[in-house]
Structure formats: structure tokens, C-alpha cells
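Trainee: Below is one structure. I have some questions about it.
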Amino acid sequence: MQEEIKTVPLHDIHVSLGAKIIPFAGFQMPVRYSSDMEEHKAVREKVGVFDVSHMGEFMVSGPHALDLIQWVTSNDVSKLIVGQAQYSCFPNESGGIVDDLLVYKLSEESYMLVVNASNIQKDWDWISAHNTFGASLQDLSAELSLLAVQGPLASKTLQPLTPLDLDSIPFYHFAIGEFAGVPDVIVSATGYTGAGGFEIYVKNEHVVGVWQAIFEAGKDYGIQPIGLGARDTLRLEMGYCLYGNDINDETSPIEAGLGWITKFSKKFINCERLKAEKEQGVSRKLVGFILNEKGIPRAHYRILSTEGEVIGEVTSGTQSPSMGIGIGLGYVESSYATPGTTIIIEVRQKRLEATVYKLPLLKV
């Protein structure tokens, strides 16, 4: 029996705005309202709003909350202060990644984990199965909406709506307070675009009013609703991984360039194997690349050496709206992973030259 596709609380608003709606991660989601190019440009230059209410939120609390999160995540949660967020992943027992996530420290014994929509049930089962510590777990995914307000004019747009001093919230930190007349809203200086901005966590019953208030506040700044299409091109220019494309159950965080969120100062699931990978090296690595000629790379296209030998595969690719050239991410044999290396991307019947670049691909 096919699982029913869910809708987000703002679904009717997206339809009324003329959004093209597609099934994504078990939800009906807006992929674009105008064009991917226009929406991408709006976020890079002005301000745009993504409805990412399909994401999952778990509360982990109690005296052993930290013990559980330390065990199931790769990053060192003990380093967080209250009001700080951290990027991390759930390593699995075979060297891969269950999911990537954000960890928010709400208080000394209370944390919020934000996980990918497609993995909500999988992640919940994973954490629950490893909760031998007796931490209290609560799945708030169906109760919370999430709006990502991104772009250089995000702070100017949002500041009139809250007494919180937005410019004083450092990157990967958050504050909780009144927002658009709603109490206890989480305002987080995080995002998936590299354009700056905030993510707003609000209860479903308030999200329509909050959405309307944001658009009213941003009308003088050229604010636009932004779909999943531009979200993908924006994150790719920054080289941010997308679960299911660039990382999955078979990719290790070391291969994926996520050694910086893999801390061996503590014990966590499968840490010995990942530590050995870090010390001994891996046979393949995730790299960013930019085409040197016209063409658009796509997932699963083959990557070749200049001699024509298959050395890897593209995991994500697009035409960069900011740079006007094909860009992508892909795994290659480690000897080809050095920035400046020339590689070949097999685009349909053509072999196009590309160069490996240090991330981010767009220097903002």
C-alpha cells in the first residue's frame, strides 16, 4: 500500500501563489513559483522565503540527553553552549551515514534535533533503538513549521517583527522570543544557501500569520517565495551535501569531506572504524568541480581521468545561475581529489573537461 503524501500547513497558500507542486520526501512541496533563475537571484541579491516545514524535529531531554546525542552523533555536543546549533551526522554501524542533522542546545538538559524529511521515521527508529540511556524523546515533526528567510536583506526584513536583536545572533546560534506577535519562536542564524539569513521555527497554528507578516515586512526589499529548485542550485554553489545524493547509508563522513564534524574526542557509534579511515586515508573523496566548457552535469554521470579511465561518478550537478557554468559534486578516486586537478565529465555522448575546486564553488 502506497504511503499517503502529506501536505505542509501552508500548502493552500503555495497553490494560491501559483507554485508548481511536486511530491518530495513524502510531502507535496513547491518546486518553483516563477523560475529557478529568478528565485535563485532573489536569494543571492535580496531576500527569499522557503517553506521547509517538511523537515523533522525531535526533542531530546532529561539528565541523559547529552549522553544519548553524544553516542548517536559524530560531532562533539559537549562543546555547545545554550543558544548554539551544530551540524552533525548519525553514523551507522557499517561506515555510512544514517542522516545529517542540526543539533540545537535549548538548555542544559534539552536539545532539538532537526532531521531530513525523507528520514524522519528512519531517524526516529535509529535514535529510539540506541536510547539505552533513558533520555526522554519527543517527535514534534508534525507540530512545527519551519520557514527559511535567506538573503542579504533577511535581517532588515525580519528585525521589525521581533524584539530580538537579530544582528547580534552569531552564525550557527539562535535566540528564542516573540516573533510577529507569536511567543517562544526559535530564530536561528542557519540556512542552506550561503546567502545569510534566519530559520524560523513556529507552531503550525501560527505559521500562516507569520508567513504573511514576513511578506508584508519584506515588500520594500523585493521579497519572494522560493521553491526547492532554487534551494538546490543555491546549496550546490556552496557545496553543501544533500542526503540521498551526496551522502547516504554507504558514504562515510570521511569520504564526504565531513571529517570536521567527526570528533574522536568522544565515543560514538562506529567511531573506531571512522578513526582508522581518517588516519589511513580513504580510496575515494567527494569533490566539487566546475566545467571548463558548456554543459550541465547530472547525478550518476561518469567522471573520467584525462586518459579516459572511469574514476568516479557525479552525485549532484546543475547549471550555476550565479556563475553561468555547469557545476557539481561527485566522488572520485582520492588521487584525483586535489583542487586544480583536471577531470572529465561524461555528459550524454560528450566528454567535457572540468576542474576540481575547493568548496564553496561560488566565492561569496
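Every read-out reported here was derived from the displayed coordinates using simple, explicitly stated rules and does not represent laboratory data. The model shown is predicted, which means the values in this text are computed figures rather than measured ones. With ideal geometry, Cβ positions are generated from the backbone for all residues, glycine too; neighbour counts draw on all protein chains shown.
Trainee: Would you compute, for the Cα atoms of the chain, the largest minus smallest coordinate along each principal axis and list the three values in descending order, in whole Å?
Mentor: Ordered largest first, the chain gives principal extents of 62, 49, 48 Å.
Trainee: Stick to the Cα atoms of the stretch 283-359, pair each with every other, and give me the Kirkwood hydrodynamic radius in Å at one decimal.
Mentor: 11.7 Å
Trainee: Another one. With a Förster radius of 41 Å, plug the Cβ-Cβ distance of Lys294 and His64 into 1/(1 + (r/R0)^6) and report the FRET value to the nearest 0.05.
Mentor: 0.15
Trainee: Determine the sum of side-chain charges near Val185: Lys and Arg each +1, Asp and Glu each -1, restricted to other residues whose C-beta is under 10 angstrom from that of Val185.
Mentor: Taking every other residue near Val185 into account, the sum is -1.
Trainee: Additional query: Hey, what number do you get for the chain at 222 nm if only DSSP H runs of n ≥ 4 count, each worth -39500 (n - 2.57), divided across all residues, to the nearest 500?
Mentor: -5500 deg cm²/dmol
Trainee: If you take the beta carbon distance between Glu93 and Lys219 as r and set R0 to 51 Å, what does 1/(1 + (r/R0)^6) give as a FRET efficiency, to the nearest 0.05?
Mentor: It comes out at approximately 0.50.
Trainee: If eta is 0.890 mPa s and T is 25 °C, what Stokes-Einstein diffusion coefficient results for the stretch 2-50, Kirkwood Rh from Cα pairs, in µm²/s?
Mentor: 208 µm²/s
Trainee: So if I take the alpha carbon set of the stretch 89-184, get Rg, then get Rh from the Kirkwood formula, what is the Rg over Rh ratio?
Mentor: We get a ratio of 1.02 for the stretch 89-184.
Trainee: So what are the three principal axis dimensions of the stretch 56-139 from its Cα atoms, in whole Å, longest to shortest?
Mentor: 30, 23, 22
Trainee: Next question. In the neighborhood of Pro321, defined by Cβ-to-Cβ distances under 10 Å, what is the net charge if each Lys or Arg adds +1 and each Asp or Glu adds -1?
Mentor: Net charge around Pro321: -2.
Trainee: What does the net charge come to around Thr233 if you take all other residues with beta carbon closer than 15 Å to its beta carbon, with K and R at +1 and D and E at -1?
Mentor: That sum, taken over residues with Cβ under 15 Å, equals -1.
Trainee: Still on this structure, please answer the following. Would you list, by chain and number, the lysines whose Cα falls below 18 Å from the Cα of Lys219, excluding same-chain residues fewer than 8 positions away?
Mentor: Partners within reach: Lys41, Lys46, Lys156.
Trainee: Enter the Cα centre distance for the pair the stretch 320-337 and the stretch 11-39, rounded to the nearest angstrom.
Mentor: If you average the Cα positions of each part, the centres end up 27 Å apart.
Trainee: Express in % the proportion of alpha carbon pairs of the stretch 124-235 at distances exceeding 21 Å.
Mentor: Every Cα pair in the stretch 124-235 considered, those over 21 Å come to 43 percent.
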